[in-house]
Amino acid sequence: MSIRIMGRYEHNGEYIEVTPSVLGLATIYDKDTYPPLPKVAKDRLRVYREFARMLDAPKHPYLENERGIPVELLTSDRFLGRIKIDARGNAVFPHFDADGLTGFELKNRDFTGFASGGAKALWISHTRKDDDCMVFCESAIDALSYAVLFPDDQTCYASIGGKPNPVQPELIRAAVARMRGGSEIAAAMDADVDGRKLAEVVKRAVEMSGRGDLRFQIHEPSEFKDWNDQLRARPKSPLPYRPQETLTA
C-alpha cells in the first residue's frame, strides 16, 4: 500500500493543500498550486574572479585595427580601466550597478558574448563633477566611436548592451539623476527601429528622474546604422584623437 503525503502551503495569508499523484510525484494538475520559486541570483563571485584575471587594455589590436578606436582614446582618463582584454584577445567591457560589477560584455571579430553567471547593468565611462552631458549608446564600442566623432571633455558615456532587461531602466534613471544641473542627456542609438525603441527607454528614464532641468535629445548616425560604421567610413585623420579642451579666461 503506497503512502500519499498531503502538502500544505501558505501563500499571501491563505493555505492550500496539495495531494500528489498516486506515484507520489507532482503532476501537471499540481502546477498552479505550488508557491512560486524564488529567482536564482547571478553568480557575482564567479564574475569577479574572471574579471580579476583580465588586463587593462591601453592598446587593443581589435579595437584599434578593426574598429578604428585610436589608442589615445583608450589611454585617456575618461576610459582607462573601463576596457579590458582577456586571454583570447577579446575586448571586455565591465557592467556595473549600485553594488558593483555585475558582468562584462565580450567583443571580437564575429563574436559577441557576455560573462557566464553575470547580468547586464550599465557599462559607463569615468564621470567628473563638471560633466554636463551624458550619452547613452547601444554598445560600448558605439560609445567609444561617438567619443571619437564628437570629442568633448565634459561628456561621459554609457551603454546598455542591446535590448534592456527589467533592471536597466532604473539604472539609467539613477545615472541621469546624478548629473549636474542643466545637463544634457543624449540617446545616441542605432538608426533603426530597435534603436529608436531604446531611445524611448532612455527618454522615459529621464522623465522618471524628476529632473526638469535636464535637456534630452536623440542623436542618430547620419547615413549609417551605428556610430562605429560612421567612424570607420570617415577619412583617417593624420592628427591623433584629442578631447575638446575647455577654454578658461
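Only the coordinates and a few stated rules stand behind these numbers; no lab work does. The structure displayed is predicted, hence computed values, not measured ones. Positions of Cβ are generated from backbone atoms using ideal geometry, with glycine treated the same way; all protein chains shown enter the neighbour counts.
Below are the figures for this structure:
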item: Inter-part distance where region 83-100 and region 115-133 are each reduced to a Cα centre, Å; result: 11 Å
item: Computed magnitude of the charge dipole of region 44-233 (debye, nearest 20; Cβ of K, R +1, Cβ of D, E -1); result: 680 debye
item: Label-to-label distance, nm, for residues given as Gln154 and Ala98 (7 Å Cα→Cβ offset); result: 2.9 nm
item: Region 83-90 - phi-based ³J(HN,Hα) in whole Hz, Karplus 6.51/-1.76/1.60, Gly and Pro as x; result: 9, 10, 9, 9, 5, 8, x, 6
item: Theoretical gain in end-to-end length, Glu200 to Glu66 [0.36 nm per residue, Cα-Cα removed]; result: 45.2 nm
item: Extended-chain gain in nm, criterion 0.36 nm per residue less alpha-carbon gap, Phe111 and Lys236; result: 42.5 nm
item: Cα→Cβ-extended label distance, 7 Å offset, between Val167 and Glu184, nm; result: 3.2 nm
item: Of Lys107/Lys197; Lys120/Lys236; Lys129/Lys236; Lys107/Lys225; Lys59/Lys203, pairs whose Cα-Cα distance is over 29 Å; result: Lys120/Lys236; Lys129/Lys236; Lys59/Lys203
item: Loop trypsin sites (Lys or Arg not before Pro), region 67-173, which have at most 13 other Cβ atoms in a 10 Å radius of their Cβ (DSSP); result: Arg88, Arg109, Lys129
